[in-house]
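A quick write-up on the structure given underneath.
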Amino acid sequence: ATLATTALSAELIQGEVKKIDDGAGKITLKHGPAKSLGMDEPMTMVYRVKDPAMLQQVKVGDKVEFEAEEAGSGFTVTKLQKAK
């Protein structure tokens, strides 16, 4: 039960898609402060995606909401959806 609770409480970060690199499975997101990632300032960063299929659902310029986690190789987007 603990894991599920943690997943639900993770905040969705508001962002905008700046670049998509299908080949490398990476996405560049401009976003506001992301407390869950320890970022207090807005920034633009390159993220890996957990599932390359996520990149098919969005395009450059889309406003999105996402969740990410810090992994050994950098930050990985674990959830990505268009903002409503």
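Assorted remarks:
- Accessible area expressed per residue, the chain, with surrounding protein chains retained (probe 1.4 Å, Å²): 62
- Straight-line cross-link partners of K84 among the aspartates and glutamates, defined as a Cα under 19 Å from its Cα and at least 8 positions apart when in the same chain: E11, E16, D62, E65, E67.
- Global size of the chain as Cα Rg and Dmax, reported in angstrom: 12.2, 37
- In the chain, the portion of solvent-accessible area held by carbon and sulfur atoms comes to 54 percent [1.4 Å probe, whole percent, DNA, RNA and ligands not counted].
The values are calculated or read from the model by the stated rules, or taken from the named source; none is laboratory data. From a predicted model like this one, the values you see are computed outputs, not experimental measurements. The accessibility values were calculated without ligands, DNA or RNA, using every heavy atom of the protein model including side chains. Shrake-Rupley method; radii C 1.70, N 1.55, O 1.52, S 1.80 Å.
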